[in-house]
Amino acid sequence: MRTKVLRRVAMITVTGLVLAQMIGAPMYTVSAEPNLTVAPITWNVIGLDSNNVSVGPENFPVGVRVCNVGPDPATSVTVQLIWDSANSYIKLRPTSLGDAGDPATVPINIGTLAGGNTCRDVYFEVNVTRNANARGTSRRYHIEVDSAETLPISTLTPRELFVEYLISQSRNSTTDVLLDGVSVPAGGTMALVVGNTYTIRLEAATATNGYEQIEEFINFPNTIFRINSVATTYTANDLVTPDPDAATKLYADGCGWENDPNSPNYRSCLGTGKYGGTVTVDYNVTIISGGGTTQVLNTLIYDFSGSSYHYNSDYSTSARIAAIIDPTTLSISKNFAPDPTNVNGVSVLTFTISNPNPVAISGLNFTDTFPTSPGAMVVTTPLTTSNTCGGSLLDNLGGVLAAGDA
């Protein structure tokens, strides 16, 4: 009897499990899955010059940090800026990633986000129309994140971008821009190759003690530059209520800034604290497109202090030029003279390399292997070469290997 009872209990247990599975109740274990979060990483204040809207900044980064705090990867992750109100003066920069002809926007696909608290920063480019009527206006928005495994999530609402009067002042300045540790002077050109990753440093200075709010950036077009990470340092830091992410953002909140448009304290400090002094921002960027173009890169340092907003007076003179190079656009051709050549005759072989990119490319190399049959072709002895591309030429026998500039 004891054996029968045990069997009967076992049968009831199995039946219960089957029923539980049929009605969707969890069984012994639940499979792990991704868990996405999203948070703003840039200031809600943008602006135009307080006196002359034809000068000063007009493009501003609007970014979020997307993290997967779950154990499993999230695939096909998309990030979309969605407008919640209308304002013809505030829009995504035309043709930038996410823009679909205002007010329409489209998601930016960032692919797979690994689990284990892996994060990715995504930046949109917002443009303010250079019109005096734009100042003092705002536009509400939220940023939505979705994936193949999760339901959509969003930044907190309401949130808006507010166009302030920005006062040009010399107390903020760009002191240098460096490409992989090499200084690029104001007006200078940096050559960047599509597919390569670089460290671009912005060095800036503010008043010694800093400001309650500060943001500093290089206006990288998001269609050409993918910002992988940002590392920021300040010599003046808020030690009382520090911004926990100030070292990994372009924006530092030194005073507990009120972002809620419905709050009576909107766009004001709820506490005290400052960031600034000597500032460095190290961008890790990958060039994703733009071969054959040049891009003007402006640097902006702007702040809130003393109830007004200010930006660096050297904004218009501190720009650098990015020359984007795509090696795949190079072409090469060869020509024999005379052609055809008699048996045992001598012919001059000319290689022509065409470079449509805006700057010279160094370190080029190519190999040309002579046919061995029918008939044989060999390099004359001694080998004589010349180069009209500039730079230096290195050639070797056994086919021809040439390296130089184009």
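The values are calculated or read from the model by the stated rules, or taken from the named source; none is laboratory data. Note that the coordinates shown come from a computational prediction; the quantities given were computed from them, not determined experimentally. Every residue, glycine among them, receives a Cβ derived from its backbone with ideal geometry; neighbour counts consider all protein chains shown. Just the protein is used for accessible areas: all its heavy atoms, side chains included, with ligands, DNA and RNA removed. Shrake-Rupley method; radii C 1.70, N 1.55, O 1.52, S 1.80 Å.
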When you take every Cα atom in segment 230-302, what is the radius of gyration, and what is Dmax, the widest Cα pair distance, in Å?
16.2, 50
What figure in square angstrom, to the nearest 10, would you give for the accessible area of Trp83 with a 1.4 Å probe?
30 Å²
Quick one: which of 318-326, 124-132, 186-194 comes out on top by average Cβ neighbours within 10 Å, and what's the full order, highest first?
318-326, 124-132, 186-194
How do Ser305, Ser347 rank by accessible surface area computed with a 1.4 Å probe, from largest to smallest?
Ser347, Ser305
With Cα coordinates, the longest principal axis of the chain makes an angle with the long axis of helix 2-22, in degrees rounded to 10, of 70 degrees
Taking the alpha-carbon distance from Lys334 and a cut-off under 20 Å, which aspartates and glutamates remain once sequence neighbours fewer than 8 residues away in the same chain are dropped?
Asp368, Asp395, Asp405
Heads up, segment 209-356 by the C-alpha gyration tensor (a ≥ b ≥ c square roots of eigenvalues; a/c under 1.5 rounded, else a/b over b/c prolate, else oblate) looks prolate
Quick check: Cα centre of segment 318-354 to Cα centre of segment 281-301, how many Å?
30 Å
Can you give me the long-range amide H partners of Gly292? Hydrogens built in the peptide plane at 1.01 Å from N, cutoff under 5 Å, separation of 5 or more residues or another chain.
Ile324, Ile325, Asp326
Leaving ligands, DNA and RNA out of it, report the carbon-plus-sulfur percent of the accessible area of the chain at a 1.4 Å probe.
55 percent
Derived scalar couplings ³J(HN,Hα) [segment 200-206; Karplus, 6.51 cos²θ - 1.76 cosθ + 1.60; whole Hz; x for Gly, Pro]:
10, 9, 9, 10, 9, 9, 10
Rolling a 1.4 Å sphere over the protein heavy atoms, what is the accessible area per residue of segment 292-375, to the nearest Å²?
55 Å²
Segment 187-217 scanned against label point 7 Å out from Thr272 along Cα→C-beta; backbone N under 20 Å for 207-214
Find the accessible area per residue for segment 52-136; the probe is 1.4 Å, ligands and nucleic acids are left out, and the unit is Å².
40 Å²
Mean Cα-pair separation over length for segment 50-156, i.e. relative contact order, pairs under 8 Å, 6 or more apart, %:
41 percent
In the list (1) 29.7; (2) 35.5; (3) 19.3, the entry giving mean projected area of the Cα convex hull in nm² computed from the coordinates is (2)
